[in-house]
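What follows draws every value from the coordinates through simple rules; no lab data is involved. A quick note: this is a predicted structure, and the numbers were derived from the prediction, not measured. Please note: Cβ atoms are built from the backbone with ideal geometry, for glycine as well, and neighbour counts cover all protein chains shown.
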Amino acid sequence: MAVAVGKRVLDTGWLAARSTEVALTGVQLTTTHPPAADPAPPAPWMSAAVPGTVLGTLLKNNLIPDPFYGLNNQAIVDIADAGRDYYTFWFFTTFQCAPSANQHVTLNFRGINYSAEVYLNGHEEVLPKGMFRRHTIDITDILHPDGNNQLAVLVHPPDHPGKIPPQGGQGGDHEIGKDVATQYVEGWDWMCPIRDRNTGIWDEVSISISGPVNIIDPHLVSTFHDDFKRSYLHCTLQLENKSSWIADCTLKIQVSTELEGNVCLVEHLQSYAITVPPQSDIEYTIPSLFFYKPNLWWPNGMGKQSLYNVEISVDVKGFGESDSWSHYFGFRKIESTIDDSTGGRIFKVNGEPIFIRGGNWILSDGLLRLTKKRYMTDIKFHADMNFNMLRCWGGGLAERPDFYHFCDVYGLMVWQEFWITGDVDGRGDPISNLNGPLDHDLFLLCARDTVKLLRNHASLALWVGGNEQVPPVDINKALKNDLKLHPMFVSYQTSKNEERYLSEESTDPSKYLDGTRVYVQGSMWDGFANGKGDWTDGPYEIQYPESFFKDSFYKYGFNPEVGSVGVPVAATIRATMPPVGWSIPIFKKRIDGYIEEVPNPIWDYHKYIPYSKPGKVHDQIELYGTPKDLDDFCEKAQLVNYVQYRALLEGWTSFMWTKFTGVLIWKTQNPWTGLRGQFYDHLQDQTAGFYGCRCASEPIHVQLNLVTFFVEVVNTTADELKDMAVEISVWDLDGACPYYKVTEKIVVPPKKVKQTIEMKYPKMKDAKPVYFLLLKLFRLSDNGIISRNFYWLHLPGQDYKLLGQYQQKKIPLKIYSDISVSGTMHKVRMTVENNSKKSVAESTRSLSAMDLGDVSGSHSTGKETTRKGNESDGLWRKISNGLGFARPSDNQRTLEVNGTDSGVAFFLHFSVHTSESSTAKEEYNDTRILPVHYSDNYFSLTPGEKMAIDISFEAPQGSNPKVVLRGWNHHLDHAVMI
């Protein structure tokens, strides 16, 4: 009986052992002496993490301490000290497969670091070196007739793992740059060294069963005409005939899209007769398929992320279906040129310029524990921040298809770099690897294979040669040639030129290796930073919030890296460090009045960035008063995180298209438990900076220019904003509203920043030293709120220490909960109302007391867990259903919090916990449920305001989750049990 055609992933049942502890050969392991798996593998064998790394396997078996906890990494043997053999490991598994006649089976490795010998049923295959290349082995003739197969893989670390200098450094001693591998593993100023250098079978292992003919690397391309009304889908693929006879084939292509209610609309179903000679492969280009007004794919914030399912199959006469392939595909056109007016690189999608606000991405996890579930959370987090681009930094990974799939789904454009960094490849200290990796042919082979792996993803926007460096001359020349644009994708000034080139270029665009995306040689060249490769990115430290609004802050049109602080919440510190690491930095006051923060050794090892820059920036945490303990420090750090990153993005956006074309923050997250540059920590709990970014990056946004104090309205969309107005209200610490203005009717053109009126409260003679400011952009037709922005501010020369007294305020709140539970999946809508008494004047105002139930998410096109209307596309439902969502049932509750004071309920934030209580003090019990998606958090409510927050999470089996509300002046830990 024939085995079903298709791919089977081998991700369970793997064992591992250190090679020096195994006396048997690969032939013996896969014939006469296989390791026993049940009931438990005998030493030295252990359960393995595949996909994963050697360190991941050792951690899984409790043979090393968690390297990301406290100073544990210092106790783990480094490969430089132990030698490469210490981290050379055997991996072993068994699988069932007995193909019938005329069926063929391949064994596929999508990523091994760094080289390997593969043994299957006593047969050996040596895999060549290179971390970023796929390996495919035809195993048809060596499978056992009874279907029982034994597979062993001996994996060797990189050839040049390098040493870690005492002072650390960017990429250690840079030896890793001689290999084609990830470079961050020798450590960086934000990362500890990875002791095994990520050695292992780090990506998917599978077997593929096909008939005589199989499909290889289809390339999908969409082209457009008549202002995107007419579109063509192009496809070129390889067909390989492994049989010894001529194969008469029928190639089929089906293109479908999902409609409401899980209805699938087939837009094309075509078939073609093809003959493939024996023992050969051919390239075949499918005649282009015509689409009229296809649903376009747009970046986050610009429209829907429409995706079509392209399915290709090949039937062989006398056999039936021989192979099949499918991929989600987005119809879109990405162009990128250098903007004449700003000198910055500009990106256009479907003809619309996109103002880039995004971040730098290293990788999800330093032990390469890369799962679909974690990728989905990672990418949705970035969409929730209203970002539209991620840069995959050159010292990290060529990211995996699952990463790109969720970028497709959530609308994150991706800038993908190849494996060159200035620090390691010729510009670091010490200067080394001037000619890059030793094997240039291997580098190019990995680059070309990576292009083939990723090129069909709509989110992939740009190829870049390296980080702060260009590749060696020969590699750079080859990449420029390999990735040259097809003439249909070269940006021209007029459509006539496009038509002229169409007539001259007869090659189908899908015949190119890519041909649809620009290649830029380095991250500080050709429209990025100063465009010439000088060190003109950054800075990477705390700033005064108003600095970001100054014309002098940054000179160039597109900054690929600008970074700052990133302390997580106190619970994360306690969960990732022993109690000795819970001590906060010492605040040493210098003779010049600046504070120098001195962190404890654990914080220092975890790369803590201070909240002060002596000589330049006064301590931003101390503005709120010297912190007393860890909880106080981290809560004040969240205030600074929110202000810092909101100001960064609002400042950049204030110069949208007049000076800047984009900015990428360094960085959005850490692949370990680092204490800098992150919007959510390694446990996937968000900092307040996450929500500062979310606020500032709204597609339509109202903001205060912190230099001019004029209120600005930002419109990044392609539509004009009409009949709008801004309500401006100031609230003091006594709960009064001493300043209130509503602008005249305003119109904001597309892609523009509109300056409205000056906020003059600070100039009033009776202005309070600390005050709150609430801005609301609303429609005049129905008072619908489009954007809401809440600030806490102080007068020049003042600080926020008065907020310390404000913590004692008892503000009455009413909390409503609407709960839906399906299995372990929970969706909760928490509505919080500030029940403070309003002044007589305030009670007559139209907006301040309005229900803000839709403000938190409805005007952001980042996909929320709770969907409305046409946002509930079929692909999202498929993902949600895969995570266990079912039709919810209603469960509504109301809780009232008594309070005698009137005023702002300040800096409220939800968290989700199990109902367990903490154990002994010496053993911290982290009760948080993570990750959790919040439509907003770290929010404040003026008297009479009501806001709805949507919360979704998966609770551990058997737990009793509770949603907890805390705030600056709300300390009662009111919890809603679920």
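What size of dipole, in debye to the nearest 20, comes out for segment 709-796 about its Cα centre when the only charges are +1 on Lys and Arg C-beta atoms and -1 on Asp and Glu C-beta atoms? Write out the running numbers ahead of the final one.
Values: 13 positive and 11 negative charges, 38 e Å.
It comes to approximately 180 debye.
Between E546 and T900, the distance separating the two model label sites (each 7 Å from Cα on the Cα→Cβ line) works out to 3.9 nm.
Given R₀ = 22 Å, FRET efficiency for T507-N481 by Cβ-Cβ distance, to 0.05? Write out the running numbers ahead of the final one.
Numbers: r = 15 Å, r/R0 = 0.67.
Computed FRET efficiency for T507 and N481 comes out at 0.90.
Cross-link check: pairs K293/K827; K484/K607; K722/K809; K636/K763; K163/K607; K304/K452 evaluated at a Cα-Cα cut-off of 29 Å; pairs beyond the cut-off: K293/K827; K484/K607; K722/K809. A helix-only calculation puts the chain at -4000 deg cm²/dmol for mean residue ellipticity at 222 nm, using -39500 (n - 2.57) for each DSSP H run of at least four residues, averaged over all residues. For segment 99-116, the residues whose backbone nitrogen is under 12 Å from a point 7 Å from the Cα of S206, taken along Cα to Cβ, are 106-111. The three principal axes of the Cα atoms in segment 110-247 give end-to-end lengths of 62, 59, 21 Å, sorted in falling order. Over segment 338-466, how many percent of alpha carbon pairs lie in each 5 Å bin up to the one with the longest distance? Spelled out bin by bin, segment 338-466 gives 2, 10, 17, 20, 19, 15, 11, 6, 1 percent.
In plain terms, the chain from I274 to D226 could stretch by 14.0 nm, reckoned as 0.36 nm per residue minus the Cα-Cα distance.
In this simple spin-label approximation, V964 and E125 carry label points 7 Å from Cα along the Cα→Cβ vector, and these lie 5.2 nm apart. Of the trypsin sites (Lys or Arg not before Pro) found in segment 214-283, the ones in coil according to DSSP and having at most 12 other Cβ atoms within 10 Å of their Cβ are K229.
So for segment 395-444, Kirkwood radius off the Cα pairs, Stokes-Einstein at 10 °C and 1.306 mPa s: how many µm² s⁻¹?
Details: Rh = 12.9 Å.
Here the translational diffusion coefficient equals 123 µm²/s.
The Cα-based radius of gyration of segment 709-796, divided by its Kirkwood radius, gives an Rg/Rh of 1.01.
Could you work out the percent of alpha carbon pairs in segment 6-210 separated by over 28 Å, rounded to a whole number? Please list the in-between numbers first.
Details: 5963 of 20910 pairs.
I get 29 percent for the Cα pairs in segment 6-210 exceeding 28 Å.
When both bridge partners sit in the chain, DSSP labels roughly 85% of those beta bridges antiparallel.
With a sphere of radius 13 Å drawn around the Cβ of H268, what net charge do the other residues whose Cβ falls strictly inside it have (Lys, Arg +1; Asp, Glu -1)? That works out to -1.
First measure r as the distance between the Cβ atoms of T20 and K163, then evaluate 1/(1 + (r/R0)^6) with R0 = 30 Å and state the FRET efficiency to the nearest 0.05.
Working: r = 21 Å, r/R0 = 0.69.
Once the sixth-power term is evaluated, E becomes 0.90.
Extending 7 Å from Cα along the Cβ direction at V473 and again at D441 yields two label points whose distance is 2.1 nm. Convex hull volume of the C-alpha atoms in segment 597-688, normalised per residue: 120 Å³. Peptides 748-757, 527-536 ranked from most to least packed by the mean count of surrounding Cβ atoms within 10 Å: 527-536, 748-757. Taking the square roots of 5 times each eigenvalue of the Cα gyration tensor of the chain, largest first, gives ellipsoid semi-axes of 48, 34, 28 Å.
At what distance in angstrom do the alpha carbon centres of segment 383-437 and segment 162-213 lie from each other? If we compute the Cα centre of each part, the gap is 14 Å.
Of the peptides 894-904, 941-951, 186-196, the ranking by mean beta-carbon count within 10 Å, highest at the top, reads 186-196, 941-951, 894-904. Taking the Cα centroid of segment 507-534 and of segment 926-978, what is the distance between the two, rounded to the nearest whole Å? Cα centroid to Cα centroid, the span is 44 Å. With semi-axes defined as the square roots of five times the eigenvalues of the C-alpha gyration tensor, the equivalent ellipsoid of segment 213-329 measures 31, 15, 12 Å, largest first. Of the peptides 931-940, 70-79, the order by per-residue mean of other Cβ atoms within 10 Å, starting with the highest, comes out as 931-940, 70-79.
At 15 Å minimum axial length over the Cα atoms and a Kyte-Doolittle cut of 0.5, report the qualifying DSSP H helices in the chain, or say none.
Details: long enough: 372-384 (17 Å, -1.34); 440-454 (21 Å, 0.73); 630-654 (35 Å, -0.23).
Membrane-span-like by this rule: 440-454.
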